[in-house]
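Scroll down for the structure; my scribbles are underneath it.
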Amino acid sequence: MKNIEMTDITKSYDKQKNVLNEINLTIGEGEFFVLVGPSGSGKSTLLRMIAGLEDITDGIMKIDDRVVNHLPPKDRDLSMVFQNYALYPHMSVEQNILFGLQAKKVGKEEQRRRLIETTDMMGLGDYLKRKPRELSGGQRQRVALARAVVSQAPVCLMDEPLSNLDAKLRASMRVEIRRLQKRLGLTMVYVTHDQVEAMTMGDRIMVLHDGSIQQVGNPIELYNEPANLFVASFIGSPKMNIGKAVLNRAEGRLIVEDELNINASESLMSDIPNDASITVGIRAEHLTYATKEDATHFMEAVNVENLGNETTIAFELNNEIWTVKWPGQWEIEVGEMVPVKISCEDLAIFDTGSGRLIRAAKRVSKGAVPV
Amino acid sequence: MSTMSPATKPYEDMQLAFEAERRKTKTRNFIKGILFLLPSIILFSVFLFYPMMKTVYLSFFLTDASGATTVFVGLQNYIQLFTSSIFLKSFKSTFLFVLYIVPATIIISLFLAVLANEKLKGVGIFRTIFSSTMGISVAAASVFWLYLFNPTMGLLNEILGFLGMEGIGWLTDPAWALVAVSITTIWMNIGFTFLILLGGLQSIDQSLYESANIDGAGYFYKLRRITVPMLSPTLFFVLTVTIINAFQTFGQIDILTQGGPQNETNLIVYSIYREAFVNYQFGAASAQAVILFILILLMTALQFKFGEKKVHYQ
């Protein structure tokens with residue numbers, strides 16, 4: 001069991017612009033930590049720096065309270081699963097799994113024991129003699145996982161391990177990796193660009209954008225109280241609806257994108273600084289359906305996706321597309337004016353200039369049964 | 001059953017029409033395919049198949065000085081070759097030559113390629129230097145080595161003299177001539193072999209090495225378990241090409257030794273040349289050429305039979 005500690009970690013190539021800017025982060029023992037961000041945000045670079053595959057330009061990296069800045073990968077006592085799995089194409093599954101143990105000169109009997117234990121766990125028993133090219137994507141993924149598990153390293157790093165799988169398999173592997181991590185008590189650092197993976201798997205998530213930390217927190221925190229506009233639009237599917245807004249204090253109204261005129265409460269107005277130019281965000285599930293009588297607004301539907309158990313409807317709002325997600329099946333025609341209810345309590349308010357959160361939405365969608 | 005029911009008649013007509021259409025498409029595709037192949041068929045026929053057949057034909061005849069056939073002698077040319085001590089010697093020299101140069105070329109090139117594949121500053125300069133012999137013609141390289149081998153003022157003997165050793169008659173001493181020609185040939189082959197091997201090394205997925213690094217594999221462990229097996233298709237190609245090239249060596253022999261001393265470096269291709277264009281024995285020369293062809297064919301077939309099993313294609 002090991003923790004990872006980073007202090008002012010910075011990375012730049014050839015003295016150019018920084019790829020990573022002063023990352024400060026502590027990953028606890030046995031934690032499932034997800035690094036998420038769009039491509040080019042530096043998340044893989046950070047992971048490779050933990051692994052020792054990239055030099056650290058500046059800052060201090062500690063694993064288990066030991067400075068590892070100049071320690072070669074093999075002495076860091078960790079395992080890694082690569083995006084393309086990095087299986088040795090000329091070796092059988094068995095040789096692939098045992099490669100690391102043989103390199104470390106682990107005893108023959110110990111090798112056998114661990115091989116059997118791991119392959120039983122991963123359900124690979126029938127494929128030991130096969131070459132990677134004779135396996136399906138999911139099986140290759142399992143071999144890659146088995147290779148990480150068999151090393152019994154307390155820290156496991158994963159670099160977008162599920163991005164080459166189809167959607168169904170991805171969902172089941174998510175559960176499998178999560179269970180494996182809990183069962184073995186691994187400290188896991190998991191890189192992904194998929195916010196769904198991040199939300200479903202992580203104990204904690206770090207959102208990275210342009211080499212800087214945007215927010216670190218548990219998934220629900222990130223969802224309910226996104227620290228800035230980037231996190232707000234990155235976390236959640238469909239993404240948070242966002243629009244520029246003007247507050248009219250005299251009349252107590254909030255005008256969004258020159259179209260929506262929302263009643264602003266006293267507390268909302270007092271939370272917003274006087275001269276702030278603001279942007280509001282509202283989650284898809286908070287734009288609720290209303291009857292014609294109790295509707296606060298009518299919006300024009302521009303696209304309707306009926307998925308059977310839920311319906312996604314897109315509305316046009318002064319060049320912005322807002323989406324809502326309602327449970328059940330809705331018979332809505334494109335072009336129809338749909339009555340909706342918007343409450344100012346559901347709005348997250350951001351500062352337009354800095355993007356920072358001023359006030360989070362006051363209501364959260366709790367499940368019917370308390371957990 | 002001469003009458004057909006009205007219901008099946010149109011159906012069968014349709015079947016027949018489909019069948020005719022299918023046959024027509026097939027013919028059209030065949031003609032199209034031939035048209036695509038035609039340029040290479042013509043080129044191969046004129047420059048390869050026809051001369052090959054002509055060589056086989058000539059090997060059964062005696063010829064006059066202009067190469068016209070005079071007397072049909074059957075297998076006499078071949079029988080004479082295998083009883084001639086000169087040809088048997090050149091046979092032996094050729095095999096020795098192949099044995100000297102193939103392993104050495106591949107091992108040295110592989111060593112250089114592994115070195116040049118490291119991510120170091122200025123490694124591009126070394127890549128250029130190591131592959132530069134590819135751009136030097138056989139004649140230029142031979143002349144250059146001719147000077148190095150010069151018994152009195154050549155650099156090699158000067159170094160030997162400096163070390164207090166006696167000079168070697170590189171190209172005149174029967175014990176050394178073949179070695180000297182081999183060294184020249186290895187040097188000339190390294191450029192091409194190096195380049196191909198470097199290409200092979202660079203196409204190996206870096207993440208394999210990264211994964212091995214994390215697993216704790218050492219340098220030579222990685223070289224043995226990852227690099228060489230992943231490079232095996234390239235190595236196999238290089239091996240085949242080097243062997244074929246070795247069997248066909250001509251230019252450097254002609255310039256350095258002209259087959260001498262005492263026929264030590266009279267490799268088969270050079271022997272063919274001498275037989276045909278010095279002795280004007282086109283029949284005997286053709287017989288030698290046929291033997292060389294069969295030899296190379298056999299060697300390559302053997303390689304594919306035994307070597308390919310150890311090759312890991314992706």
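Can you tell me the FRET efficiency between A:D210 and A:A276 if r is taken as the Cβ-Cβ distance and R0 is 25 Å, rounded to the nearest 0.05?
The value I calculate is 0.55.
Could you please report the charge total around A:V338, scoring K, R as +1 and D, E as -1 over all other residues with beta-carbon less than 13 angstrom from its beta-carbon?
That works out to -3.
Write down, largest first, the equivalent ellipsoid semi-axes of region A:4-68 in whole Å, where each equals the square root of 5 times an eigenvalue of the alpha-carbon gyration tensor.
One finds semi-axes of 19, 15, 9 Å for region A:4-68.
Using the count of nearby Cβ atoms within 10 Å as a rough guide to exposure, how do A:S41, A:S12 rank from fewest to most?
Result, fewest neighbours first: A:S12, A:S41.
Please compute P(r) over all alpha-carbon pairs of the protein assembly as shown, binned at 10 Å starting from zero, and give each bin as a whole-number percent.
3, 10, 14, 14, 13, 13, 12, 9, 6, 4, 1, 0, 0
Taking the Cβ of A:V93 as the center, what net charge do the other residues with Cβ under 10 Å away carry, scoring Lys and Arg +1 and Asp and Glu -1? It would help to have the intermediate numbers written out before the result.
On the way: positive: A:K129, A:R130, A:K131, A:R140, A:R142, A:R147; negative: A:E94, A:D126, A:E134.
Value of the local net charge: +3.
Mind giving me the FRET efficiency for A:S136 and A:V175? R0 is 30 Å, r the Cβ-Cβ distance, nearest 0.05 is fine.
Working: r = 18 Å, r/R0 = 0.61.
The formula returns an efficiency of 0.95 here.
For A:S39 paired with B:A65, estimate the spin-label separation in nm (one decimal), with each label point 7 Å from Cα along the Cα-to-Cβ line.
7.4 nm
Which percent of Cα-Cα pairs in region A:92-207 sits in each 10 Å bin, short to long?
Spelled out per bin, shortest first, that is 13, 44, 33, 9, 0.
Using every alpha carbon pair in region B:162-314, what percent of pairs falls into each 5 Å bin from 0 up to the bin containing the largest distance?
The percentages, shortest bin first, are 2, 8, 13, 13, 14, 13, 10, 10, 8, 5, 3, 1, 0, 0.
Per q in 0.08, 0.12, 0.16 1/Å, what log10 I(q)/I(0) does a Debye calculation on the alpha-carbon atoms of chain B return?
Results for chain B at q = 0.08, 0.12, 0.16 Å⁻¹ read -0.57, -1.00, -1.33.
What are the principal axis extents of the Cα atoms in region A:57-110, in Å, biggest first?
Answer, in whole Å and largest first: 41, 29, 14 Å.
Non-local amide H neighbours of B:N150 (under 5 Å, H modeled in plane, Pro and chain starts lacking H): which ones?
B:L155
Search the structure for amide H atoms under 5 Å from the amide H of B:T249, placed 1.01 Å from N in the peptide plane, and list their residues when 5 or more places away or on another chain.
Counting only residues 5 or more places away or on other chains, the set is empty.
What is region B:1-106 by shape, rounded, prolate or oblate, if you read a ≥ b ≥ c off the alpha carbon gyration tensor as root eigenvalues and call it rounded for a/c under 1.5, prolate for a/b larger than b/c, and oblate otherwise?
It is prolate, given that a/c is not under 1.5 and a/b is the larger ratio.
Given just the C-alpha atoms of chain A, how large is their convex hull per residue in cubic angstrom?
So the per-residue Cα hull volume is 179 Å³.
Hey, rough spin-label estimate for A:R356 and B:D173, points 7 angstrom out along Cα→Cβ, what's it come to in nanometres?
Taking the simple label geometry, A:R356 and B:D173 are separated by 8.5 nm.
Short version: ³J(HN,Hα) in whole Hz for each residue of region A:312-322, in order, from phi by Karplus 6.51 cos²θ - 1.76 cosθ + 1.60 (θ = phi - 60°), x for Gly and Pro, what are they?
Result, ordered by residue: 9, 10, 9, 10, 9, 9, 6, 6, 8, 9, 10 Hz.
Can you give me the long-range amide H partners of A:F315? Hydrogens built in the peptide plane at 1.01 Å from N, cutoff under 5 Å, separation of 5 or more residues or another chain.
A:V302, A:W322, A:T323, A:V324
Over region A:244-308, what is the relative contact order in percent, taking alpha-carbon pairs closer than 8 angstrom and at least six residues apart?
24 percent
If a/c stays under 1.5 just call it rounded; otherwise compare a/b with b/c (prolate if a/b is bigger, oblate if not). Do that for region B:271-314, with a ≥ b ≥ c from the square roots of the Cα gyration tensor eigenvalues.
The shape class here is prolate.
Distances longer than 15 Å among the Cα atoms of region B:118-167: what percent of all pairs is that?
Here the long-distance tail beyond 15 Å is 63 percent of all Cα pairs in region B:118-167.
With a cut-off of 8 Å between alpha carbons and a minimum separation of six or more residues, what is the relative contact order of chain B in percent?
26 percent
Taking the Cα atoms only, what angle lies between the long axis of helix B:282-302 and the longest principal axis of chain B, rounded to 10 degrees?
Orientation of helix B:282-302: about 80 degrees from the principal axis.
For region A:238-359, restrict the atom set to alpha-carbon positions and state the Rg and Dmax in Å.
Rg, Dmax (Cα atoms, Å): 14.7, 46.
Compute the acute angle (0 to 90°) between the alpha-carbon long axis of helix A:137-150 and the principal axis of greatest extent of the alpha-carbon atoms of chain A; round to the nearest 10°.
Taking the Cα atoms of chain A, the angle to A:137-150 is about 60 degrees.
Roughly how many nanometres apart are two label points built 7 Å out from the Cα toward the Cβ at B:N279 and A:V334?
If labels sit at B:N279 and A:V334, their model points lie 8.8 nm apart.
Could you go through region A:160-172 in sequence order and give the Karplus-derived ³J(HN,Hα) for each residue, using 6.51 cos²θ - 1.76 cosθ + 1.60 with θ = phi - 60°, rounded to whole Hz, and x for Gly and Pro?
Each residue's phi maps through the Karplus curve to give 6, x, 9, 6, 9, 9, 7, 4, 5, 5, 4, 4, 6 Hz.
Read phi for every residue in region B:102-111 and hand back ³J(HN,Hα) as whole Hz from Karplus 6.51 cos²θ - 1.76 cosθ + 1.60, θ = phi - 60°, with x for Gly and Pro.
5, x, 5, 4, 5, 5, 5, 5, 5, 4
Taking region B:8-58 on its own, what percent of its Cα-Cα pair distances exceed 11 Å? List each step's numbers first, then the result.
Numbers: 947 of 1275 pairs.
Looking at region B:8-58, the distances longer than 11 Å represent 74 percent of pairs.
Answer rounded, prolate or oblate for region B:41-176, using the Cα gyration tensor with square roots of eigenvalues a ≥ b ≥ c: rounded when a/c is under 1.5, else prolate when a/b is larger than b/c, else oblate. Walk me through the numbers before you get to the answer.
Working: a/c = 2.74, a/b = 1.60, b/c = 1.71.
Because a/c hits 1.5 or more and a/b fails to exceed b/c, region B:41-176 counts as oblate.
Pop the C-beta distance of A:D120 and B:V241 into the FRET formula with R0 = 51 Å and round what comes out to the nearest 0.05. Mind showing how you got there, number by number?
Values: r = 47 Å, r/R0 = 0.93.
The computed FRET efficiency comes out at 0.60.
No value in this document is a laboratory result; all are computed from the given coordinates. Small disclaimer: the values here were computed from a predicted structure and weren't measured. As a convention, Cβ positions derive from the backbone with ideal geometry for all residues, glycine included, and neighbour counts pool all protein chains shown.
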